[in-house]
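What follows is a short report on a single structure.
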């Protein structure tokens, strides 16, 4: 069985990358009027066979200083069992994320006892009114093509689309994949692979 371990970090304060991208998408892109929230997390993930030593421990990633700064980041370490092969080995062009991704929470600096750690980590992406109205959520994980190192680093984006958005997955796709000056911003299809997971906002 293949195990995927993922370290995910988010800014404690305002993420200027996400805030700027959200503003550009709303003002410049076709379909941007449907976007009600955008959040970003950095991801560092690797795969291992069950029982085999990990190529790079999450503990090392947390302490090395390059991936996580406790003064500016929250973090969560997820473990997904039965994850399948590495993302770099599959045709990653908007294909689905593995079932159950990112997996069970192994550790986090967020308050314990919350089953929705990923939602808390990305908190603030969706205005309260949109949550109550059933905003559509699409998660996108983007990463460099041709990466050969043991740890694959990339970015996860969470797009929240206004309640009632027709064909929300298609709208999100047009906002994500850069094809022209008015179509796409978050993924360069010539340099990056990406996987997606449509979902619903689950927080109460």
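For residue 67, state whether it is assigned to a loop (DSSP other than H, G, I, E, B) and either in contact with a strand residue (DSSP E or B) (Cβ under 6 Å, 6 or more places away or on another chain) or modelled with pLDDT of 90 or more (or both). Answer is yes for this residue. Going by what's in this entry, would residue 13 be described as at positive phi, assigned to a loop (DSSP other than H, G, I, E, B) and within 18 Å of the chain's Cα centre (by Cα)? So residue 13 does not fit the description; no. The residue list 184, 154 contains one member that is under 20 Å from residue 99 (Cα atoms) and in contact (Cβ under 8 Å) with a residue 60 or more places away in the chain, which is 154. Evaluation of residue 74 against the conditions (1) at pLDDT 95 or above; (2) part of a strand (DSSP E or B) shows that the sole unmet condition is (1). Residue selection: residue 148 satisfies the criterion of being touching a residue at least 60 places away in the same chain (Cβ under 8 Å), in contact with a helix residue (DSSP H, G or I) (Cβ under 8 Å, 6 or more places away or on another chain) and closer than 19 Å to residue 91 by Cα.
Taken over the range 64-84, the criterion of being surrounded by fewer than 16 Cβ atoms within 10 Å (Cβ to Cβ) and either at positive phi or within 16 Å of the chain's Cα centre (by Cα) (or both) is satisfied by 65, 82, 84.
When the strands (runs of 3 or more DSSP E) confined to the range 101-204 are screened for residues that are at pLDDT 90 or above and surrounded by fewer than 19 Cβ atoms within 10 Å (Cβ to Cβ), those reaching at least 3 such residues are found at 104-108.
The values are calculated or read from the model by the stated rules, or taken from the named source; none is laboratory data. The model shown is predicted, which means the values in this text are computed figures rather than measured ones. Glycine also receives a Cβ, built like all others from the backbone with ideal geometry; neighbour counts cover every protein chain displayed.
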